[in-house]
Amino acid sequence: MSHDHDDRPQLTAAQAAAVLTPPPGRNGGDLVVESLQGLGATTVFGLPGQHALGMFDALRRSSLRYVGLRVENNAGFAADAYGRITGEVAPLLLSTGPGALTSLAALQEAAAASAPVLAISSQIPTAGLGGGRHGYLHELRDQQASVRDIVKSVHTVRAASQIPSAIAAAWESALTAPHGPVWVEIPQDVLLAETTLPVVSAMDATPRELYPRPELTIAAAHLLSNAERPVIIAGGGVVRSDASGKLRALAEKLDAPVVTTFGGKGAFPWEHPLSLRSWLEDRHTTDFLEDADVLLVVGSGLGELSSNYHTFRPRGRVIQIEADAGKLESNHPALGIHSDAREALSDLLEAVEPREDAGAAERVRTVLEKVRVRIDAQELTLEQQVLDAVRQALPDGSPSFWDMTILAYWAWSAFDARRPNTMHSAQGAGGLGYGFPAAIGAASADPTTPVLAVSGDGGAMYSIAELATARQYDLPVTWLIVDDGGYGILREYMTGAFGETTGTELSRPDFVALAESFGVPAARTTPESLAADLGKALAEPGPSVVVLPALLRMFEPTHL
């Protein structure tokens, strides 16, 4: 069997000479960073550790930009945000055992949010592998077993020549729809051993496209074209595949109202006449969705938060477009289309017949008015005032990253993201501590644009060490900390369920003084001055902290 190599680039004489006489002093770590460079990486995140020093030493000899955080989990959150914002693979360099394990909560969030994070972990020396108990520092019986349930794929290296192929395979896996975190592990001795292998050149790890099957597109187009009350639920898959323009065109062609999930914020214009916004935790919205005779779900698995805590019971036909095959029909029977959202919407846009529904916009207005009346009856003026102030202060093009805090729970439903791929939270896995380190990752991707992080005082303590990181790299991240003296949402849950709380009240530092001790400017604000103080902080270069002492409340749930 012969192969035609004529279409491949030919090496020049100088390049061939460089291949035959690679520079001295390289080790397995150099093969790691050369592979990342060859695949197009420009920035890596991480934290050094004893077994991983071969990789970190090699960074000196590379053009890669290193952003080092103070806790591995925070480094994972930063890589997650970098991957979400850029759509590119975000390399995350980790050490063995405790270093690797400390990243797991961040990798769970990356998996839930389909963020392409490439974690490269060291391992104990090759002689200690295989499950024996040799007593090496950081030794685990099976380190891979700790990550296998979380990441998309695991890639093992046991010799230097395997490094480029393993990293390329992991890279491709991370970028194959649905995006997600992947894991490569390399023993310490392999990273440290001198190598005479040629310098790694450009590599191709292009993921295959995920197209819809044509017969399913035809069937879906027929249902939508002939529907009386079509409605669209747009999830995070629309944002990740950069399909918001296709979504809007399809909604307008069908005169179909659109609601966006919390992961799909910004996928559809907030003020559009067909926009139901994001009020998924509201029975009026749930009723409207249940009344649709054809419901198109794009890029969502209709999980707990997107289904009003599984109280949603569709009565019409459901069409579900999803890149994650495991989510197809996982919660509701549907015409399941395994496809990237952009490709499927593009094909549907061509296949559907235009339909006119003069009453669609009026029905949308009616639902939103019912939601407004319900919220207004609960006297939650302060919460809406604070959220409005944040929206007023935040430039339209600035990304925001929200921790698991009451203001974020409000923002999921009530915040106008204005543009796709600008509002992100940890609502996929629901772990604390996401907001600030994620904002650091986004600012690393584009240091010319101010970035907002929003945390409560409880979540802020998870990532307070990263004030040093923001200062060290002089990143334009403004951190809004809403200080209510405890885990506010858990306080509400426990009070509602049990009548009293346990473990929710927290001693905390003077956040302003603490930020200033890191050399980060900080201000204490009030709900009335929040818009001005936050706007001023976002407009100034470098990191800043704004602290809002306030006790916010959640709106009443409708699913109980």
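The values are calculated or read from the model by the stated rules, or taken from the named source; none is laboratory data. The structure displayed is predicted, hence computed values, not measured ones. All Cβ positions, glycine included, derive from the backbone under ideal geometry; neighbour counts span all protein chains shown. SASA here: full protein model, heavy atoms, side chains in, ligands and nucleic acids out. Shrake-Rupley method; radii C 1.70, N 1.55, O 1.52, S 1.80 Å.
Full extension of the chain segment joining Val19 with Glu362 gains 116.7 nm, where the gain is 0.36 nm per residue of separation less the Cα-Cα distance.
In this structure the amide hydrogen of Leu335, modeled in the peptide plane, comes within under 5 Å of the amide hydrogens of Val318, Ile319, Gln320, none closer than 5 places in sequence on its chain. Report, to the nearest 10°, how far helix 530-539 tilts away from the longest principal axis of the Cα atoms in the chain, using its own Cα long axis and a range of 0 to 90°. It is inclined by approximately 30 degrees.
On a per residue basis, the chain carries 40 Å² of accessible surface, using protein heavy atoms and a 1.4 Å probe.
Angle, helix 360-376 long axis vs. longest principal axis of the chain, Cα atoms, 0 to 90°, nearest 10? Taking Cα atoms only, the helix is inclined about 90 degrees. Each residue, Asp204 and Thr42, gets one label point 7 Å from its Cα in the Cβ direction; the gap between the two is 2.4 nm. Every pair of different Cα atoms in the chain enters the Kirkwood calculation, which places the hydrodynamic radius at 24.9 Å. Remark: region 66-164 carries a charge dipole of roughly 180 debye about the Cα centre, counting +1 on each Lys and Arg Cβ and -1 on each Asp and Glu Cβ.
Cut-off 20 Å, label point 7 angstrom out along Cα-to-Cβ of Ser507: give me the residues of region 475-500 whose amide nitrogen falls inside. 483-488, by backbone N distance to the label point. Within straight-line reach of Lys327, meaning a Cα separation under 21 Å, sit the following lysines at least 8 residues removed in sequence or on another chain: Lys152, Lys265. When you restrict to C-alpha pairs under 8 Å that are six or more residues apart and normalise by the size of region 475-560, the relative contact order lands at 45 percent.
What the pair-distance distribution of region 318-448 shows, using all Cα-Cα distances binned every 5 Å from zero, is 2, 8, 11, 13, 14, 19, 15, 12, 5, 1 percent. Compared with the alpha-carbon gap, the fully stretched path from Glu329 to Arg374 is longer by 13.0 nm at 0.36 nm per residue.
A simple rule links phi to the HN-Hα coupling: the Karplus curve 6.51 cos²θ - 1.76 cosθ + 1.60 with θ = phi - 60°, which for region 499-511 gives x, 8, 10, 9, x, 9, 8, 10, 6, 9, x, 6, 4 Hz, with x for Gly and Pro. Compared with the dominant Cα axis of the chain, that is its longest principal axis, helix 28-39 is turned about 50°. Amide hydrogen proximity for Val184: with H placed 1.01 Å from N in the peptide plane, the residues at 5 or more positions away or on another chain lying under 5 Å are Ala119, Ile120, Ser121, His155. Using C-alpha pairs under 8 Å with a sequence gap of at least 6, the mean separation divided by the residue count of the chain gives a relative contact order of 13 percent. Taken as Cα centroids, region 408-452 and region 509-532 sit 20 Å apart, rounded to the nearest whole angstrom. Between amide H atoms placed 1.01 Å from N, distances below 5 Å from Trp479 occur with Ala453, Ser544, Val545, Val546, all of them 5 or more places distant or on a separate chain.
Rounded to the nearest Hz, the phi-derived 3J(HN,Hα) couplings of region 425-436 under the Karplus curve 6.51 cos²θ - 1.76 cosθ + 1.60 (θ = phi - 60°) are 9, 9, 6, x, 9, x, x, 7, x, 6, x, 6, where x marks glycine and proline. Accessible surface of region 449-492, 1.4 Å probe: 56 percent of it comes from carbon and sulfur atoms. Dividing the summed helix terms, -39500 (n - 2.57) for each DSSP H run of n ≥ 4, by the number of residues in the chain produces a 222 nm estimate of -11000 deg cm²/dmol to the nearest 500. Our summary gives region 510-552 a relative contact order of 45 percent, counting only alpha carbon pairs under 8 angstrom and 6 or more residues apart. Counting only protein heavy atoms and using a 1.4 Å probe, what share of the accessible area of region 60-144 belongs to carbon plus sulfur, as a whole percent? Solvent-exposed carbon and sulfur of region 60-144 make up 50 percent of the total.
Taken one residue at a time, the phi angles of region 176-185 give Karplus couplings (6.51, -1.76, 1.60, θ = phi - 60°) of 7, 4, x, 3, x, x, 9, 9, 10, 10 Hz. Gly and Pro are set to x. Of all accessible surface on region 193-245 at a 1.4 Å probe, what whole percent is carbon and sulfur? Summing carbon and sulfur atoms, their accessible area is 53 percent of the total for region 193-245. A simple packing score, the average count of other Cβ atoms within 10 Å per residue, orders the peptides 260-268, 308-316, 159-167 as 260-268, 159-167, 308-316, with the highest score first. In the calculated pair distance distribution of region 255-388, what percentage of Cα-Cα distances lie above 23 Å? Of the Cα pairs, 36 percent sit more than 23 Å apart. By its C-alpha gyration tensor, with a ≥ b ≥ c as the square roots of the eigenvalues, how is region 119-211 shaped: rounded for a/c under 1.5, else prolate for a/b larger than b/c, else oblate? Note, shape of region 119-211 comes out oblate. Between the listed residues Phe288, Thr449, Ala78, the Cα displaced farthest toward the positive end of the dipole of the chain, a dipole computed from Cβ unit charges relative to the Cα centre, is found at Ala78.
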